[in-house]
Amino acid sequence: MNDKNITDFESFSDLVAGIKPIKQQAHHFKQPVKTKQQVEIKAQQIHASSYFSDTYQPLLPVTGPMRWANENVDKIELKRLRRGDYVPDLLLDLHGLRQSEAKLELAALIQACVKQNSICCSVMHGYGMGILKQQIPMWLAQHPKVKAFHQAPKEWGGDAALLVLIDIGDQPYRR
């Protein structure tokens, strides 16, 4: 019986004689690295959900053009928006978007304005069923970076758009 064990061991060692052990260099337990685009989209979603509530009802005008100004903003700024003194640097067209998509796009627009030092932007919501036309002013009134908004003049979309004045912080003032 002892001879049989030696024979088996010798035959096994003959079979594995030229084999080298495999080195495992990859660790499969790490979290997958996210792309820059995935990180930015997640930040936009968090940004939008933290500022915009669908249940908040700010005091907005019932008659006349849609307008709103933060309490620490001079009323002359609202008049300048109405007259079209501010030229929007960024335009956002929300035609055909759902409310959740429009909310994310609106948050991204405000972030882009702050990042690019743009104090005025235009949000085109269109006529349609009027859902976005009702919701966008409510969302804008909730955001701390929004100083004021007013219905756009004819050249920027009329009553199907809003001109928004953004607080860009301590950046140099420009018009």
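All of the numbers you see were taken from the coordinates with simple rules; none came from a lab. Note that the coordinates shown come from a computational prediction; the quantities given were computed from them, not determined experimentally. Methodologically, a virtual Cβ is constructed for each residue, glycine included, from the backbone with ideal geometry; neighbour enumeration extends over all protein chains shown.
Within the range 23-31, can one find any residue that is in contact with a strand residue (DSSP E or B) (Cβ under 7 Å, 6 or more places away or on another chain) and surrounded by fewer than 15 Cβ atoms within 10 Å (Cβ to Cβ)? No, every residue in the range 23-31 fails to be in contact with a strand residue (DSSP E or B) (Cβ under 7 Å, 6 or more places away or on another chain) and surrounded by fewer than 15 Cβ atoms within 10 Å (Cβ to Cβ).
Scan the helices (runs of 4 or more DSSP H) fully inside the range 60-175 and keep the ones with 3 or more residues being out of contact with any His (no Cβ under 8 Å at 6 or more places or on another chain), without any contact (Cβ under 8 Å) to a residue 12 or more places away in the chain and surrounded by fewer than 17 Cβ atoms within 10 Å (Cβ to Cβ).
In the range 60-175, the matching helices (runs of 4 or more DSSP H) lie at 75-83, 99-115.
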